[in-house]
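Before any comments, here is the structure.
Nothing in this text is a laboratory measurement; each read-out follows from the coordinates by a stated rule. As the structure is a prediction and not an experimental result, all values here were calculated from the model. Methodologically, a virtual Cβ is constructed for each residue, glycine included, from the backbone with ideal geometry; neighbour enumeration extends over all protein chains shown.
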């Protein structure tokens, strides 16, 4: 049997292809230069295809390679509509090689240690300016969290659905809306409802929330509720080793190491002044460390929104982000400590989110300043009127307004309260602390 035939047979019977080094190990009597020449001839004749470059280059049997190419085209092609830099394509070229080619690698502490807040920039200044232009809202100078509260109902649906979808959840956005509004028991709905709780936790505590153990642990606890095999792992540093599926990345396994590294990570995150750099830093480093037994990426996606909520910027909802694209971008961080692919995806995802949310904000009615100023008086007066049906409503309103409002504003505030009273119906009674039977009794006395 000729040397060429021996090499060809070895390649054809190998399930995952062979590198030159592996071929030489199987045929020690064939010189390296001879093997290289014979392989080149086999490729030129179309008898074997090759994948990869340099030492990672693998040679496959023609049929096996064809099947591999078809499968890759069907399941693993990175979306062409997401623009990628040359560096990102370089990362993809490595990630897309067979897993057997990937070099086993552990947690690289230097990746975190060498990051200097407000000196190191994962997002160049020009890119940060672009993100600020895209995400700017009319609430930029308002108190922290004003914008996220204004769009909260839609935010709960979109971010809960999109983040759950990246974990393989199959429900639609419409289903998600119904679950959030009405609730339903199932494991996938549990994931969605946990997102709702976690988002509300951030928005409701926006003035005090920062990147510390309390915030991150409780964020994880909200997302993990009823979803982990061991409930004791909810909101707690993992106490055991875990593996990343379909990856050669090996995580830290000692709880004390994880604890110390998380402390450094949060300390650095808190020092970052730009909200987008801070957001992206958390998307890079929290999943890379994997401080929890599971649900680390979900925690990072919500944590990445905290600086945006605080700065009244459009949220990052991850709408329409393909699961395969997100998975491969994170693998680039895990196995190569390279952030370019995740950065390109972050930019695309944020632009997609802002297009949706700036359109929503245009449809939101601006709060009436007068109604906002006197909202407590309006509520207490409405309650006073309804719970005392024996009194004349207009006289009650005039008396309440005269005791609290300046002469110049009294007519407008009175008109506001009368308008609220006319619009009163059973669907808004709780707002005023009025019970249904009290409303029914008042209505029977005073009609419409």
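Counting other beta carbons within 10 Å of each residue's own, what order do 220, 446 fall into, fewest first?
On the way: 220 29, 446 13.
Least to most surrounded, the residues fall as 446, 220.
In a fully extended conformation the segment linking residue 86 and residue 441 would gain 120.6 nm over its present Cα-Cα distance, using 0.36 nm per residue. The mean sequence distance of close C-alpha pairs (under 8 Å, at least 6 residues apart), as a share of the length of the chain, puts its relative contact order at 16 percent.
Most mobile of 91, 199, 417 per a Gaussian network model of the chain (Cα springs, under 10 Å)? Of the options given, 417 has the highest mean-square fluctuation.
If a/c stays under 1.5 just call it rounded; otherwise compare a/b with b/c (prolate if a/b is bigger, oblate if not). Do that for the stretch 86-363, with a ≥ b ≥ c from the square roots of the Cα gyration tensor eigenvalues. Taking the square roots of the gyration eigenvalues as a ≥ b ≥ c, the stretch 86-363 is rounded. Once the Cα atoms of helix 32-44 and of the chain are each reduced to a long axis, what angle between those two axes, in degrees from 0 to 90 to the nearest 10, is obtained? Value to nearest ten degrees: 70. Available extension along the chain between residue 243 and residue 2 is 82.3 nm, counting 0.36 nm per residue and deducting the alpha carbon span. Computed from the C-beta positions of residue 197 and residue 133 and an R0 of 41 Å, the FRET efficiency is 0.80 to the nearest 0.05.
Could you work out the percent of alpha carbon pairs in the stretch 182-333 separated by over 26 Å, rounded to a whole number? So the pairs more than 26 Å apart make up 23 percent of the total in the stretch 182-333. Computed from the Cβ-Cβ distance with R0 of 60 Å, the FRET efficiency linking residue 27 to residue 428 stands at 0.15. Relative contact order of the stretch 369-446, taken over Cα pairs closer than 8 Å and 6 or more residues apart, is 42 percent.
Springs join every pair of Cα atoms under 10 Å in this Gaussian network model of the chain, and among 238, 37, 133 the largest mean-square fluctuation is at 37.
Of all the options 61, 46, 235, the one that moves most in a Gaussian network model of the chain with Cα springs shorter than 10 angstrom is 46. Extension gain for residue 324-residue 37 works out to 99.5 nm (0.36 nm per residue, less the C-alpha to C-alpha distance). Ranked for footprinting exposure by Cβ neighbours inside 10 Å, fewest first, 285, 425 give 425, 285. Each of 294, 110 was scored by other Cβ atoms within 10 Å of its Cβ. Listed from fewest to most, they are 110, 294.
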